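**Q** Can you keep this structure in mind? I'll have questions shortly.
The values are calculated or read from the model by the stated rules, or taken from the named source; none is laboratory data. Just so you know, these numbers come straight off a predicted model, no measurement behind them. Note that we place each Cβ from the backbone using ideal geometry, even for glycine, and neighbour counts take in every protein chain shown.
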Amino acid sequence: MVEEFGSSRVICHLDSLLTRRDMSLTELSKRVGVSLANLSVLKNNRAKAVRYSTLIALCEVLDCQPGDLFTVERRSD
């Protein structure tokens, strides 16, 4: 499931970032200080919101930018 807002949806790319860095979700959880359950919700596009502090921690640990973690996809009707 992907969170949708009007004619757009936000897609999380955490899974591909983890794969490229050969890192498990469990390791990321420990390094970021966010529960495995919450990261799983984020990874599976079920999150309704992301804390700014979580976003910064993810970007620091994964050495990426917010735009690498999330994209907004516009739906064409």
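**Q** Name the single residue, out of those in region 55-66 being under 20 Å from Ser8 (Cβ atoms) and under 10 Å from the mean Cα position of the chain (by Cα), that is surrounded by the most Cβ atoms within 10 Å (Cβ to Cβ).
**A** Result: Leu55.
**Q** What number of residues within region 24-54 satisfy the criterion of being touching a residue at least 12 places away in the same chain (Cβ under 8 Å) and exposed (fewer than 14 other Cβ atoms within 10 Å of the Cβ)?
**A** Final tally of qualifying residues: 4.
**Q** Read through the list (1) more than 10 Å from the chain's Cα centre (by Cα); (2) surrounded by 15 or more Cβ atoms within 10 Å (Cβ to Cβ); (3) not in a loop (DSSP other than H, G, I, E, B), then give the number of the only condition that Leu17 fails.
**A** (1)
**Q** Ser7 is checked against (1) surrounded by 12 or more Cβ atoms within 10 Å (Cβ to Cβ); (2) more than 10 Å from the chain's Cα centre (by Cα) and fails just one. What number does that condition carry?
**A** Condition (1) is where Ser7 drops out.
**Q** Considering only region 2-9, I want to know if a residue exists there that is part of a helix (DSSP H, G or I) and in contact (Cβ under 8 Å) with a residue 24 or more places away in the chain.
**A** Looking for residues that are part of a helix (DSSP H, G or I) and in contact (Cβ under 8 Å) with a residue 24 or more places away in the chain, one finds none in region 2-9, hence no.
**Q** To continue, here is another question. Do we find that Cys59 is modelled with pLDDT of 95 or more, of a type outside the set (Gly, Ala, Ser) and either outside any helix (DSSP H, G or I) or touching a Cys at 6+ places or on another chain (Cβ under 6 Å) (or both) in this structure?
**A** no
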